[in-house]
């Protein structure tokens with residue numbers, strides 16, 4: 001039997017905290033009259049504080065909630081943080097990498113920062129895995145050997161996997177408010193409804209991707225009926 005897919009933790013929260021502590025130390029050591037340097041570092045602090053606040057919410061509120069709903073215990077909880085990372089997170093860590101370019105005492109190596117910067121891409125992969133696993137799970141749950149009912153299977157699959165349906169569970173699980181993104185991101189009213197539905201559906205698929213990676217198809221077969 002093929003070995004289950006795996007994804008290792010990288011210390012996203014811990015490394016983000018170390019970056020925040022280092023930037024704060026830098027800011028504290030800058031003379032008061034160097035306003036531009038203070039402003040630059042405060043901008044970094046605002047971004048990192050925003051991420052750390054969301055990470056704490058994910059760790060202390062969201063993950064226990066999802067574990068209760070799904071009746072399981074995530075073995076690598078950091079994967080939930082990856083699942084909720086948005087592409088804009090790359091800019092934060094790339095900017096910091098540039099900032100530390102000539103700093104021999106930098107808190108993280110370039111490869112570590114680039115690994116953190118890739119969190120948004122990790123979320124896209126998790127959504128791809130979740131989308132594929134969801135399709136296979138729906139087919140297994142709804143399979144009917146009668147050829148005359150094959151059309152109904154297709155329609156039911158579209159209904160369950162639609163962004164509109166998945167968005168309902170994104171709201172119930174409160175995923176949207178836990179996204180890891182840039183501090184100054186677009187507000188609800190600036191985005192078309194269909195775009196929001198798509199983003200919410202993608203978040204649910206990412207969570208399902210984590211479940212598939214951690215527990216396999218058998219657990220998804222138990223969980224997917226919750227979103228029908």
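Converting the Cα gyration tensor eigenvalues of the range 1-76 into ellipsoid dimensions via √(5λ) gives semi-axes, longest first, of 37, 15, 8 Å.
Each part reduced to its alpha carbon centroid, the range 76-96 and the range 115-129 end up 8 Å apart.
Look at the alpha carbon pairs under 8 Å that are at least 6 residues apart: their mean separation over the length of the chain gives a relative contact order of 28 percent.
In the chain, the longest principal axis of the Cα atoms and the axis of helix 12-29 are about 20 degrees apart.
Principal-axis analysis of the Cα atoms of the chain puts helix 150-161 at an angle of about 20° to the longest axis.
Calculated mean residue ellipticity at 222 nm for the chain: -21500 deg cm²/dmol, from DSSP H runs with n ≥ 4 weighted as -39500 (n - 2.57), summed, divided by the residue count and rounded to 500.
Relative to the longest principal axis of the Cα atoms of the chain, helix 163-173 runs at roughly 60 degrees. When 199, 218, 205 are sorted by how many other C-beta atoms sit within 10 angstrom of their C-beta, beginning with the fewest, the order is 218, 199, 205.
The protection proxy used here, the mean number of other Cβ atoms lying within 10 Å of each residue, ranks peptides 159-165, 113-119 as follows, highest first: 113-119, 159-165. Peptides 14-20, 73-79, 97-103 ordered by packing proxy, namely the average of other Cβ atoms within 10 Å per residue, highest first: 14-20, 73-79, 97-103. The ranking of 174, 26 from fewest to most other beta carbons within 10 Å of each one's beta carbon is 174, 26. Spin-label pair residue 198-residue 24: with each label point 7 Å from Cα along the Cα-Cβ axis, the two points sit 3.9 nm from one another.
Just so you know, all these numbers are worked out from the coordinates, no wet-lab data involved. Values in this document were obtained by computation on a predicted structure and should not be read as measured data. Don't worry about glycine lacking a Cβ; one is built from the backbone with ideal geometry, like all the others, and counts go over all protein chains shown.
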